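Notes follow the structure.
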Amino acid sequence: MEQHVSTLTRKSQVTVPAPVRLLLGIGPHDKVAFVVESGQVRLLPATSVVALTAGALKDAVPRLSPGEEKAAAEEAMAEEADKSDLRRRRRSPKKRA
């Protein structure tokens, strides 16, 4: 195991040592992610976080396609409008002929 030491500045910044930058494949202006897990911190290229966590949280229910999601939203809005209309009818007095 290699260890590289860097000093924390007054602004809480550190310089990532060159061997670590080469290992991570990062350069100036690249973003890095600090992954905290089990009391330890890992430094990774920011794009790696997505790859590492993809699929970590699985739904029991399959995802809807954009079209299915839109249809479900429209249906829910229509149901809500129907409920609102029904409540309004119950509150308003009936007109006599």
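The values are calculated or read from the model by the stated rules, or taken from the named source; none is laboratory data. Here the structure is a predicted model, which is why all the values come from computation and not from measurement. Glycine also receives a Cβ, built like all others from the backbone with ideal geometry; neighbour counts cover every protein chain displayed.
Summary of computed values
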| read-out | value |
| --- | --- |
| Scan of the stretch 29-46 for residues that are surrounded by 13 or more Cβ atoms within 10 Å (Cβ to Cβ) and among the aliphatic types (A, V, I, L, M), ordered by number | Val32, Ala33, Val35, Leu43, Leu44 |
| Residues of the stretch 50-86 classified as modelled with pLDDT of 90 or more and within 28 Å of Val36 (Cβ to Cβ), total | 0 |
